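Bear in mind that the values in this text are calculations on the coordinates, not laboratory data. Just so we're clear, the structure is a prediction, and the values are computed from it rather than from any experiment. When we count neighbours, we look across all protein chains shown, and the Cβ atoms used for this are built from the backbone with ideal geometry, even at glycine.
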Amino acid sequence: MKLINLIPTNTKINFMAIRKIAILASLVLCVGSAVLFLTKGLNYGIDFRGGILLEIRTAQTANLPNIRSNLGSLGLGEIELQRFGNDRDVLIRIERQPGGATGQKIAVDKVKGSLSPTVDYRRTEFVGPKVSAELVEAGVTAVVLALFAMLMYIWFRFEWQFGVGAVAALAHDVIMTIGVFALLGLEFNLSTIAAILTIAGYSINDTVVVYDRVRENLRKYKVRPLEEVLNMSVNDTLSRTLLTSVTTLIALLILYFYGGEVIKGFSFAMIWGVLIGTYSSIYVATPLLVHMDLRASAVALPDKEGDAAGAP
């Protein structure tokens, strides 16, 4: 029986032919993302701006659309609902109200007055600006430490050129994600930070697969031009890359359209991250090896195995 290949396995696409254009486009988009972040800024969620947090338990299965409609008519600004635990438990987040502690108490009283008397209020908290600042600092620290740890791993696992290329691709993905959130005005919260860290993990996994094939081909074809070896390596892993990206996108698209409002921002960030991570693995991480003058001798085996591989 003949197998059907949905993704070609013997492609010979010249990816490196447009590497300068791709890197230039990425630089322009990264600068544009930075300008958007500094001028327009991000639409920070309650996690970063501060606000009111209420945990409630309803007598029966919670009707989120009905609760959202009731609370939306109170004029309290941004309100988030999240079901957790069982079908009766709901977490309500309300943006910080003006008027200090008095303003927050008035908002809580309005919420209690709009909901059913049978609702059990299990927790009421106020997230102040100090806590919000600490969350921002913790989120930035988490991203920076993740990038640094990945740089160290790639440097140890391969060579310094690979480490620099991988972290440049990761920084590209993070900056572009922040830029698209600033451009579209999407809410930026702790879920988005989690998505960015997940994007970094996905992107580095894809990049390591390509880099491993690059190292293998450099040992095998020592006299071939570097660009030719890089093209060969990307083509060798293209089927795996596309299949992984497509199957991941299918799951994320289902989550985005049918997962509800709570995880919509996370799903969007992940969809964007898969697309931009696949692009950066091919057109950022790999072409940078050319500009850092990577040589076959840098990855040569110290024993006879490397010499026996030879050039065809």
>> At a 10 angstrom cut-off on C-beta neighbours, averaged per residue, how do the peptides 247-254, 278-285 rank from highest to lowest?
In response: 278-285, 247-254
> What relative contact order, as a whole-number percentage, does the range 51-127 give when Cα pairs under 8 Å and 6 or more residues apart are counted?
Replying inline: 49
> If packing is taken as the mean number of other Cβ atoms within 10 Å per residue, what is the order of 169-180, 102-113, 50-61, highest first?
Replying inline: 169-180, 50-61, 102-113
> Within the P(r) computed for the range 32-144, what percentage of the Cα pairs occupies the region above 26 Å?
Replying inline: 28
>> From the phi angles alone, apply the Karplus equation (6.51, -1.76, 1.60; θ = phi - 60°) to the range 13-18 and give each ³J(HN,Hα) in whole Hz, x where the residue is Gly or Pro.
In response: 7, 8, 5, 6, 5, 10
>> Counting only pairs 8 or more residues apart or on different chains, how many lysine pairs in the chain have their Cα atoms under 26 Å apart?
In response: 11
>> Relative contact order of the chain, please, whole-number percent, based on alpha carbon pairs below 8 angstrom and at least 6 residues apart.
In response: 25
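Going by average Cβ density within 10 Å per residue, which order do the peptides 34-47, 192-205, 220-233 take, highest to lowest?
Result, highest mean first: 192-205, 220-233, 34-47.
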> Considering only DSSP beta bridges whose two residues both sit in the chain, what percent are antiparallel, to the nearest 5?
Replying inline: 90
>> Along its three principal axes, how long is the chain when you only count alpha carbons? Whole Å, largest extent first please.
In response: 80, 51, 34
>> Through the Karplus equation 6.51 cos²θ - 1.76 cosθ + 1.60, θ set to phi - 60°, convert the phi angles of the range 86-93 into ³J(HN,Hα) values in whole Hz; use x for Gly and Pro.
In response: 10, 6, 9, 9, 9, 9, 10, 10
> Tell me, what ³J(HN,Hα) does each residue in the range 140-153 have, in order and in whole Hz, if you take phi through Karplus 6.51 cos²θ - 1.76 cosθ + 1.60 with θ = phi - 60° and put x for Gly and Pro?
Replying inline: 5, 4, 4, 5, 5, 5, 5, 5, 5, 5, 5, 4, 5, 5
